[in-house]
Amino acid sequence: MEVTSIQNGIIIDHVPAGTALKVLKYLDVDPSTTKLALIMNTDSRLYGSKDIIKIEDAEDVNLDVLGFVARQATVDVVRGGRIVEKIKPNLPEHMVNVITCVNPRCVTRTERGIDQMFHLAHTAKQEYRCDYCDEEAKL
Ligand SMILES: [Zn+2]
């Protein structure tokens, strides 16, 4: 079993190489105030290279978003220094305030205080569209 450096939290494994910081941003995790460890561009049997993110005390982390930003990632839940559960993230059906609409005429751009909402429009293509204007989501 892989040695973990955290006691209670999560290990996000198989993060696409070089994208760990972007993934943290979408998960709304602030690296300056969160106890975490990043391992970047390490060897991966499956993908050649990968990033690994270890977060201590990850209760507030919204893992739904992970299916959107890092489809191939897996999550190990750690309790008492041991991996007690493995989670494969699903594509979220709906996302609120994760990404912003790029359509300059969208109501979310022209009016203030409107939540950014996207829905899964095509599962196989992993395509998300704006709830308001149907613009396709871009990472
Ligand atoms: Zn829109």
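Within region 26-37, the residues that satisfy the criterion of being surrounded by 15 or more Cβ atoms within 10 Å (Cβ to Cβ) and out of contact with any Gly (no Cβ under 9 Å at 6 or more places or on another chain) are 26, 27, 29, 34. With the structure loaded, tell me whether residue 62 is open to solvent by 30 Å² or more (accessible area, probe 1.4 Å), in contact with a strand residue (DSSP E or B) (Cβ under 8 Å, 6 or more places away or on another chain) and without any contact (Cβ under 8 Å) to a residue 60 or more places away in the chain or whether it fails that test. Spelling it out, it is not the case that residue 62 is open to solvent by 30 Å² or more (accessible area, probe 1.4 Å), in contact with a strand residue (DSSP E or B) (Cβ under 8 Å, 6 or more places away or on another chain) and without any contact (Cβ under 8 Å) to a residue 60 or more places away in the chain. Summed over region 97-118, residues that are surrounded by 15 or more Cβ atoms within 10 Å (Cβ to Cβ) and away from the ligand (no atom under 11 Å from the Cβ) total 1.
Please work out if residue 94 is exposed (fewer than 12 other Cβ atoms within 10 Å of the Cβ) and more than 10 Å from the ligand (Cβ to nearest atom). No; evaluated as a whole, the condition is false for this residue.
What's the total number of residues in region 57-91 that are in a loop (DSSP other than H, G, I, E, B) and among the acidic types (Asp, Glu)? Qualifying residue count for the region: 3. Taken residue by residue, region 37-50 has no member that is touching a residue at least 40 places away in the same chain (Cβ under 8 Å) and closer than 19 Å to residue 19 by Cβ. Considering only region 39-53, how many residues are part of a strand (DSSP E or B) and either exposed (fewer than 15 other Cβ atoms within 10 Å of the Cβ) or under 13 Å from the mean Cα position of the chain (by Cα) (or both)? Count: 8.
The values are calculated or read from the model by the stated rules, or taken from the named source; none is laboratory data. Predicted, not measured: the structure shown is a model, and the values here were computed from it. For neighbour counting, all protein chains shown are included, and Cβ atoms are generated from backbone atoms with ideal geometry for every residue, glycine included. These accessible areas exclude ligands, DNA and RNA; they are computed on the full protein's heavy atoms, side chains included. Shrake-Rupley method; radii C 1.70, N 1.55, O 1.52, S 1.80 Å.
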